[in-house]
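What follows is a single structure, written as structure tokens, with notes after it.
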Amino acid sequence: MRTLRILLCGAMVVTGATAGHSALASTGQQSIEIRVPEHRRSQRTPSTTSRNRQEMRVFENDDGAPLLTNRPEKYRNRPGLVEIELDYDPIVVPDRLRRLSQRDRHSASDLADLVSHYCRQYVLDEALVFAIIRVESDFDPHAVSPAGARGLMQLMPATAEEMGVSSIFDSAQNIAGGTQYLARMLELFDNDLRLALAAYNAGPGTIRQYGGVPPFRETQNYIRLVKQYADLYEREGIDGLDVRPGSSGLAHQEREAPEDSTFTVHFHSGLSQIADSVADKDTYYHLEYRGRTIPVRKDLVSRIEEPA
């Protein structure tokens with residue numbers, strides 16, 4: 001594992017402190033520790049940095065100290081820094097799982113096969129992932145939340161595009177994306193489950209903003225419910241579990257009529273999501289919705305529809 005110092009949009013610094021515990025009083029910045037496995041780091045040199053996609057970039061100095069930034073142009077020409085790349089793993093669905101995901105209805109056994117495969121890949125607890133599916137979508141593969149999250153594990157369109165999910169409602173791809181995102185949140189917050197679940201619900205930027213679990217009733221209830229169901233499934237297993245799509249997940253909350261001040265962000269995939277505000281931050285747009293901030297790479301966005 002490597003500890004990374006992160007610069008986000010010139011506004012926040014993430015450095016080697018315990019997740020969410022300290023705020024830098026002189027700058028208003030907060031400190032959070034993240035760890036990235038060695039197998040996800042690939043060496044790059046300054047001469048090989050030209051790419052169409054604008055992702056987060058990692059640089060290392062001569063002493064091996066890493067720095068992660070979404071403003072790589074500030075660091076590429078500095079002597080003693082070598083650029084390395086940090087990407088999501090590509091979404092891969094084996095044929096046998098693809099056939100399962102295309103069924104009209106999923107049994108507990110079908111979902112267990114899908115969840116088990118990706119939990120092994122991302123080293124996650126199966127009971128935890130089943131709990132997230134239960135709380136997020138209530139096993140409805142076509143669920144869409146008021147904020148635009150979709151599918152069993154309620155992937156946001158921007159996150160799905162970042163991972164290369166081509167069909168967000170496909171159960172196998174959705175679980176592959178959701179489990180990978182959960183694993184990244186656990187890495188980001190040093191395996192602190194409460195912070196990882198809060199980030200899954202409200203976004204990692206929100207955790208940095210508040211220096212821990214944000215004061216949102218939804219997020220606090222979300223953590224409590226996921227842990228409650230995870231404990232239940234751990235004790236009793238999922239054999240015979242009723243996975244017929246229900247309507248009690250967070251995705252099925254009553255939708256409010258969009259306000260005149262709402263932006264609609266359209267992605268190249270044809271998906272979209274709404275935002276209360278959109279901030280232009282270098283290579284990213286920052287979408288704010290109900291107090292949550294989601295960074296979105298500009299190259300994923302086809303157009304932004306401004307309020308009427």
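All of the numbers you see were taken from the coordinates with simple rules; none came from a lab. Please read all numbers here as calculations on a predicted model, not as lab measurements. Counting neighbours? That spans all protein chains shown, and the Cβs are built from the backbone with ideal geometry, glycine included.
Structure notes:
- A straight chain from SER247 to LYS74 at 0.36 nm per residue would run longer than the Cα-Cα distance by 57.5 nm.
- Calculated P(r) tail over 24 Å for segment 132-242, as whole % of Cα pairs: 22
- At most 14 other Cβ within 10 Å, DSSP loop - trypsin sites (Lys or Arg not before Pro), segment 210-308: ARG255, ARG290
- Among the trypsin sites (Lys or Arg not before Pro) in segment 69-159, those located in a DSSP loop and surrounded by at most 11 other Cβ atoms within 10 Å of their own Cβ are ARG103, ARG105.
- Values of log10 I(q)/I(0) for segment 67-200 across q = 0.10, 0.15, 0.17 Å⁻¹ run -0.36, -0.72, -0.88, by the Debye formula with one identical scatterer at each alpha carbon and no solvent.
- Amide H contacts for ILE294 (H built 1.01 Å from N in the peptide plane; partners 5 or more residues away or on another chain; cut-off under 5 Å): LEU287, GLU288, TYR289.
- Between the C-alpha center of segment 237-308 and that of segment 133-194 there is a gap of 12 Å.
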